[in-house]
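Worksheet: one structure, shown below.
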Amino acid sequence: MSRANEATATTREDPVVRVVDVRKTYQMGGVVEALAGVSVDLARGSYTAVMGPSGSGKSTLLNLVGGLDTPTSGRVELDGQDIGGAGEAVRASVRGSEVGFVFQTFNLMPRLTAVENVALPLVFQGWDRERRRERAVEHLKSVGLGDRLDHLPQELSGGQRQRVAIARALAPDPALVLADEPTGNVDSETGARVMDLLDGVHEAGNTILLVTHDRRIAERADRIVHIRDGQIEGVEEL
Amino acid sequence: MDVRESLSMAFRSIRSHKLRSTLTVLGIVIGIASVVTFATFGASLKADVVSEIGDTSASNVYLVTSPEDGGPFGSAIQPVFTEHDLAEIRELEGVRAVIPRGNVPTSALRYRGDTFARTQVTATTAETFTEASLVEGRAFRAGESEVVLNRAATRAFEENVTVGSTLTVTMQSNRSVDLTVVGIVERTQGQLPVGGFGSQARFFVPADPFYDATVESPTLGVNQRVYPQVTVQTDPAATTATKERVQSSLDDSDAAELAPGGAEVTARTSGDFIDQIERIIDRLTRFVTGIAVIALVVGAVGIANIMLVSVTERTREIGIMKSVGATNRDVMQLFLVESSLLGGFGAVLGVPLGVLVGWGATEYAEITFTLAPTWFAIAVTVGVAVGIVAGLYPAWKAARVDPIDALRHE
């Protein structure tokens, strides 16, 4: 375990994500500081896990990097683009094309089939139906669901749903895959298979940011960033 | 986001709540159908009345008394036109014939033992009938006990009346007179162009000797027959000019003297009547259609309500869509397309229903059915517009959903 830098986890190379001194405060009765000056870079092709107890600010960090939220101060860059200060439409487009989310609760559209769910990001990118389906089928096959294309989420098991979600995350060929407790809603055996799948995604050259509180899951990554009380406590290279 | 994609997603959402969507659409169907019903009925009524007045009487000038403020015609039909007035008008340039009309009060008409209750028959002159209007027989002769019937009147008794039959008329004075049927008419010249709907039975008798309403002519100082209604047939090439001459002749006529206070005697062409009738029917149609619009507003409230419910139910879906790249605009578009689809469906179903009910109403009122096609386009546009307006607030609310909260939403 090597503590490279106490406060930050930056790199000199061309990073996919650059987070510079980001603060995020919420008004909830009083002022709650979710992030208190966090800087972190994600190198291209890297696999980073963010660990911390609940309320530590790890989900906030994920939301900021994914363009779902904007920082109170500081910079968030994705592929060289400042998304922290960007407007809603720009962030939406970045979410659609540069980021693939994998959520704990899968977050599939209940009335869309597996293939339609995977193709959904491409709908908002303006892809035509044929190309969308082609791409979605390809990704579903690569996660081993070639025989479940036209099933609704409710007809799939938890592990299958998470695989659909991973296929969806990869469909737009994003610069970054964000996984928020991806094994939180499946049994440990299924969880292990989901993590194997993510390993494969990483090996294919994708940059992954994984949020978890489970050390065994986090150890799949190259690097663990420990976060507590809105600050980076330490960075662990594996 | 492509509108076709929004359409297909909106369809899916509507289909997934069949009952709810059906009921919402029903609200709009009722609204649009009521509007179309009244618009169709109004258009039919107008066309029917106008066609009843017809082109054949375009050269007729009608003398009527009406309140000075230009209120509805015929509101003060009183016998004011004396024989003297008629004689004066006959002398005017462009006048071809002057046909007076009055009512002879009766209590009943009898034909071969069958009685037809009737409070009046029409007294007029032979000029009221033309070659073309007489289907059978001839016009009556002044001074004779003869009667001319229209077609409806021939069927008024158990046995059909034919030329040569004898009708017995009981006057209100209980005096009975036997009248010989001499002719059957299709359409008469002297009829005021406000005959009411359908074809009523009409009986025409010569004013001489049956019409006996008299008054002292202010000009001549002697008793004369006096009529409530007069039709002046004019040279078709100079109807307007002749109408002007008739009007100025009326200004110092017996009729002007006899007209009750606040009323004036006026000469009107059938065109004047048509204009006035059209104005009145249009106003009525707009008024009633305006009431029907209330139903449409209720339907719109239904759409707004269901869309709000839908936004709440689909908060999580909105969050998912936003996380995979939907902009606020995309989300707004999706919900607006859905609400305008509901409105559009309502309109598409409401128009035929409205036409059907409108047709039923015209059948019931025995008037000719006329379609008002521009109203269909308007109705569908309005339906979609109602959907959009009703969907605006829900769609705006959906667009503003915070994806982070929404994804946590259960």
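Looking at segment A:93-107, which of its residues are under 15 Å from the mean Cα position of the chain (by Cα) and at negative phi? Reasoning before the result, please.
Quick first cut of segment A:93-107, residues under 15 Å from the mean Cα position of the chain (by Cα) only: A:94-107.
Hits for segment A:93-107 are A:VAL94, A:ARG95, A:GLY96, A:SER97, A:GLU98, A:VAL99, A:GLY100, A:PHE101, A:VAL102, A:PHE103, A:GLN104, A:THR105.
Name, by its number, the condition in (1) within 12 Å of another protein chain (Cβ to nearest Cβ); (2) touching a residue at least 24 places away in the same chain (Cβ under 8 Å); (3) surrounded by 16 or more Cβ atoms within 10 Å (Cβ to Cβ) that does not hold for B:GLU5.
Unmet condition: (2).
Considering only residues that are among the aliphatic types (A, V, I, L, M), in contact (Cβ under 8 Å) with a residue 40 or more places away in the chain and more than 14 Å from every other protein chain (Cβ to nearest Cβ), which ones fall in segment B:322-351?
Kept after step one, since they are among the aliphatic types (A, V, I, L, M), are these residues of segment B:322-351: B:324, B:326, B:331-332, B:334, B:336-337, B:341-342, B:347-349, B:351.
From the residues that got through so far, the ones that are in contact (Cβ under 8 Å) with a residue 40 or more places away in the chain too are B:326, B:331-332, B:334, B:336-337, B:341-342, B:347, B:349, B:351.
Scanning segment B:322-351 gives B:LEU336, B:LEU341, B:LEU342, B:ALA347, B:LEU349, B:VAL351.
Looking at segment B:8-51 only, could you name the residues that are within 14 Å of chain A (Cβ to nearest Cβ), more than 20 Å from B:ALA347 (Cβ to Cβ) and of a type in the set (Gly, Ala, Ser)?
B:SER8, B:SER16
Here's the yes/no breakdown for (1) of a type in the set (A, V, I, L, M, F, W, C); (2) in contact with a Cys (Cβ under 8 Å, 6 or more places away or on another chain); (3) free of Cβ contacts under 8 Å to residues at least 60 places away in the same chain; (4) within 26 Å of B:GLU93 (Cα to Cα):
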| residue | (1), (2), (3), (4) |
| --- | --- |
| B:LEU258 | yes, no, no, yes |
| B:ILE280 | yes, no, no, no |
| B:THR289 | no, no, no, no |
| B:ALA295 | yes, no, no, no |
| B:ILE306 | yes, no, no, no |
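Each row is one residue, and each column tells you yes or no for (1) more than 30 Å from A:THR105 (Cα to Cα); (2) at pLDDT 95 or above; (3) in the same structural domain as B:PHE38 (by TED's automatic domain parsing); (4) assigned to a helix (DSSP H, G or I).
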| residue | (1), (2), (3), (4) |
| --- | --- |
| B:GLY302 | yes, no, yes, yes |
| B:GLY344 | yes, no, yes, yes |
| B:PRO352 | yes, no, yes, yes |
| B:GLU363 | yes, no, yes, yes |
| B:ILE367 | yes, no, yes, no |
| B:ILE388 | yes, no, yes, yes |
| B:ALA395 | no, yes, yes, yes |
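Return yes or no: is A:ALA171 among the aliphatic types (A, V, I, L, M), crowded, with 23+ Cβ neighbours inside 10 Å and within 12 Å of chain B (Cβ to nearest Cβ)? Talk me through it step by step, then tell me what you get.
Values: among the aliphatic types (A, V, I, L, M): yes; crowded, with 23+ Cβ neighbours inside 10 Å: yes; within 12 Å of chain B (Cβ to nearest Cβ): yes.
The answer is yes for A:ALA171.
Across segment A:49-92, what is the total count of residues that are of a type in the set (Asp, Glu), at the interface with chain B (Cβ under 10 Å from one of its Cβ atoms) and closer than 24 Å to A:THR212 by Cα? If you could, list the steps in order and put the result at the bottom.
First pass over segment A:49-92, keeping only residues of a type in the set (Asp, Glu): A:69, A:77, A:79, A:82, A:88.
Next, from what is left, pick out any that are at the interface with chain B (Cβ under 10 Å from one of its Cβ atoms): A:69, A:88.
Among the residues that remain, those that are also closer than 24 Å to A:THR212 by Cα are: A:69.
Total satisfying the criteria: 1.
Only one of these is more than 9 Å from chain B (Cβ to nearest Cβ), touching a residue at least 12 places away in the same chain (Cβ under 8 Å) and basic (Lys, Arg): A:ARG111, A:ARG95, A:ARG148, A:ARG131. Name it. If you could, list the steps in order and put the result at the bottom.
Values: A:ARG111 fails: more than 9 Å from chain B (Cβ to nearest Cβ); A:ARG95 fails: more than 9 Å from chain B (Cβ to nearest Cβ); A:ARG131 fails: touching a residue at least 12 places away in the same chain (Cβ under 8 Å).
Unique residue meeting the criteria: A:ARG148.
Quick one: in segment B:294-321, of everything that is within 14 Å of chain A (Cβ to nearest Cβ) and of a type outside the set (Asp, Glu), which residue is nearest to A:ALA92 (Cα to Cα)? Before the answer, list the steps.
From segment B:294-321, those within 14 Å of chain A (Cβ to nearest Cβ) are B:310, B:313-321; that's our starting set.
From what's left, of a type outside the set (Asp, Glu): B:310, B:314-316, B:318-321.
Details: B:SER310: 22, B:ARG314: 19, B:THR315: 17, B:ARG316: 16, B:ILE318: 12, B:GLY319: 11, B:ILE320: 12, B:MET321: 10 Å.
Going through the qualifying residues, I end up with B:MET321.
So, restricting to strands (runs of 3 or more DSSP E) that lie completely within segment B:201-289, which ones have at least 2 residues that are at pLDDT below 80?
On the way: elements: B:203-206, B:214-216, B:223-227, B:229-234, B:263-269.
So the answer is B:263-269.
Could you check, for segment B:282-296, whether at least one of its residues is within 30 Å of B:LEU26 (Cβ to Cβ) and touching a Ser or Thr at 6+ places or on another chain (Cβ under 6 Å)?
Yes, segment B:282-296 contains a residue that is within 30 Å of B:LEU26 (Cβ to Cβ) and touching a Ser or Thr at 6+ places or on another chain (Cβ under 6 Å).
Select from segment B:243-293 the residues that are over 29 Å from the mean Cα position of the chain (by Cα) and not aliphatic (A, V, I, L, M) and list them in ascending order.
Correct list: B:ARG245, B:SER248, B:SER249, B:ASP251, B:ASP252, B:SER253, B:ASP254, B:GLU257, B:PRO260, B:GLY261.
Taking the conditions exactly as written (surrounded by 15 or more Cβ atoms within 10 Å (Cβ to Cβ) and in a loop (DSSP other than H, G, I, E, B)), does A:SER39 satisfy them or not?
Values: surrounded by 15 or more Cβ atoms within 10 Å (Cβ to Cβ): yes; in a loop (DSSP other than H, G, I, E, B): no.
Here the answer is no, as A:SER39 does not meet what is asked.
Quick check on this structure: which one of B:ARG20, B:ARG12 is under 15 Å from A:ARG111 (Cα atoms), surrounded by fewer than 16 Cβ atoms within 10 Å (Cβ to Cβ) and not hydrophobic (A, V, I, L, M, F, W, C)?
Working: B:ARG20 fails: under 15 Å from A:ARG111 (Cα atoms).
The match here is B:ARG12.
Give segment A:16-32 a look and list any residue that's modelled with pLDDT of 90 or more and farther than 22 Å from A:GLU219 by Cβ, or say none.
Step one: filter segment A:16-32 for residues modelled with pLDDT of 90 or more, giving A:16-25.
Scanning segment A:16-32 gives A:ARG18, A:VAL19, A:VAL20, A:ASP21, A:VAL22, A:ARG23, A:LYS24, A:THR25.
The values are calculated or read from the model by the stated rules, or taken from the named source; none is laboratory data. For clarity, every value in this text was computed on a predicted model and none was experimentally measured. Glycine also receives a Cβ, built like all others from the backbone with ideal geometry; neighbour counts cover every protein chain displayed.
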